[in-house]
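To start, the structure under review is shown below, and the notes come after it.
The values are calculated or read from the model by the stated rules, or taken from the named source; none is laboratory data. Keep in mind the model is a prediction, meaning the values are calculated, not measured. A quick note on method: Cβ atoms are made from the backbone with ideal geometry, for glycine too, and the neighbour counts reach across all protein chains shown. Accessible surface areas use protein heavy atoms only, side chains included; no ligands, DNA or RNA. Shrake-Rupley method; radii C 1.70, N 1.55, O 1.52, S 1.80 Å.
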Amino acid sequence: MEAAGKEEISVEDEAVDKNIFKDCSKIAFYRRQKQQLSTKSTYQALLDSATKGKDSTNFQILNEATKVPLLAEVYGIEGNIFRLKINEETPLKPRYEVPDVVTSKPRTVRLISSSGDAGSLVLADGKGDLKCRITANPFKVDLVSEEEVVMSINSLGHLYFEHLQVPLKKRATKENKEDTSVDASQENQEDLGLWEEKFGKFVDVKVNGPASIGLDFSLHGFEHLYGIPQHAESHQLKNTGDGDAYRLYNLDVYGYKIHDKMGIYGSVPYLLAHKPGRTLGIFWLNASETLVEINTEPAVKYTVTQMGPVAAKQKVRSRTDVHWMSESGIIDVFLLTGPTPSDVFKQYSYLT
């Protein structure tokens, strides 16, 4: 039989059609959160409201734009773990919290609180070598190990929290002028998917409006990140650009492409960062659709030629920024401080 008579089959013929899955441009909460990035952060921590609970230190975070207060809780967990939870202080109804992943109630350790610089609060573990420094305005959290800041939270001002709203049908009709303004903004509401979102033939109706959350983490001195499976990419996570975030969403993808950030099967919101002498972990406890953006600024050295009696030399440390965005739920994140890879693995397995 002649080979020329055979039909050629290309592997590409069976590759997945990516159009049947969402990318970032088709995800409404991603568009909404990216739209906010051009504005200044409007969140500040009301440290005067800080109270000491049985297991945690609690304080309010206020959105200056919406005036909706959030409740932040900081926990110290045995084994060098910090936990940060942020929720609406008085939600319209309970927001979803993942119940089945953390195997048992983690054993907490007492955090010693002290006033830091003006407008800040410092929480330290019993040994004093790990500290959580909370800055009031704008709201920011620094994780300090042996007097070195290894991680900053909301240093870029990407905290985002959409509060639940009364359903549109239950809102009383007021003035015709107000009704006209609603009609005029209808197109914008549909584009941002505020109350209803469409994808293909599927329609997602949001009875209480949008409820997405987001937060940024800056990892100081880190260039190597791993985790947030599952995707057929390189082991080390790569930088993302607009519309190119890692997507965490349970899927069943046949014929997926390799060297592609597209999510393929399970989703595990667990990220590792490593550098000589230190390994950190971020466990973002959220079961909804989640997008993760990564941007690494490598270490740069500047040497200025001698001008006068002194030669100036400056070194800029590398930094990686990780931006987490989820469609719903609350912010519930565990910070695994290592310091060794083995320690981080033990911390994660202790929790899950």
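Go through the stretch 145-164 residue by residue and tally those that are surrounded by fewer than 17 Cβ atoms within 10 Å (Cβ to Cβ) and in a loop (DSSP other than H, G, I, E, B).
Number satisfying all stated conditions: 2.
Kindly provide the set of residues from the stretch 60-91 that are more than 20 Å from the chain's Cα centre (by Cα) and among the basic types (Lys, Arg), ordered by number.
Listed by number, the list holds a single entry, 67.
Taking the stretch 236-248, which residues are over 21 Å from residue 299 (Cα atoms) and free of Cβ contacts under 8 Å to residues at least 60 places away in the same chain? Break it down stepwise before answering.
First, pick out the residues of the stretch 236-248 that are over 21 Å from residue 299 (Cα atoms): 242-248.
Of everything in the stretch 236-248, those that are over 21 Å from residue 299 (Cα atoms) and free of Cβ contacts under 8 Å to residues at least 60 places away in the same chain turn out to be 246, 248.
Which of the following residues is open to solvent by 30 Å² or more (accessible area, probe 1.4 Å), in the same structural domain as residue 151 (by the TED database) and under 26 Å from residue 345 (Cβ atoms): 90, 108?
The conditions single out 108.
Return the residues of the stretch 51-66 that are assigned to a loop (DSSP other than H, G, I, E, B) and within 18 Å of residue 140 (Cα to Cα); say none if nothing qualifies.
Going through the stretch 51-66, the residues assigned to a loop (DSSP other than H, G, I, E, B) turn out to be 53-55, 64-66.
64, 65 - these are the residues of the stretch 51-66 that are assigned to a loop (DSSP other than H, G, I, E, B) and within 18 Å of residue 140 (Cα to Cα).
Filter the stretch 37-48 for residues that are of a type in the set (S, T, N, Q) and surrounded by 15 or more Cβ atoms within 10 Å (Cβ to Cβ); which is nearest to residue 154 (Cα to Cα)?
Residue satisfying both the conditions and the ranking: 41.
Within the stretch 51-82, which residues are under 22 Å from residue 334 (Cα atoms), open to solvent by 40 Å² or more (accessible area, probe 1.4 Å) and among the small types (Gly, Ala, Ser)?
79
Please name all residue pairs, on different chains or six or more residues apart, with Cβ atoms under 9 Å, provided the first residue is in the stretch 74-102 and is without any contact (Cβ under 8 Å) to a residue 40 or more places away in the chain and among the small types (Gly, Ala, Ser) and the second residue is part of a loop (DSSP other than H, G, I, E, B) and buried (at least 19 other Cβ atoms within 10 Å of the Cβ).
none
Can you tell me which of (1) in the same structural domain as residue 270 (by the TED database); (2) part of a strand (DSSP E or B); (3) buried (at least 19 other Cβ atoms within 10 Å of the Cβ) is the one residue 197 doesn't meet?
(1)
Under the condition of being open to solvent by 30 Å² or more (accessible area, probe 1.4 Å) and not in a strand (DSSP E or B), which residue from the stretch 274-302 is nearest to residue 330 (Cα to Cα)?
287
On the basis of being at pLDDT below 75 and not small (Gly, Ala, Ser), does residue 204 make the cut?
Here the answer is no, as residue 204 does not meet what is asked.
In the stretch 121-145, which residues are under 23 Å from the mean Cα position of the chain (by Cα) and of a type in the set (Gly, Ala, Ser)? Don't jump to the end; show me each part of the working.
Step one: of the stretch 121-145, the residues under 23 Å from the mean Cα position of the chain (by Cα) are 121-123, 130-145.
The answer is 136, 145.
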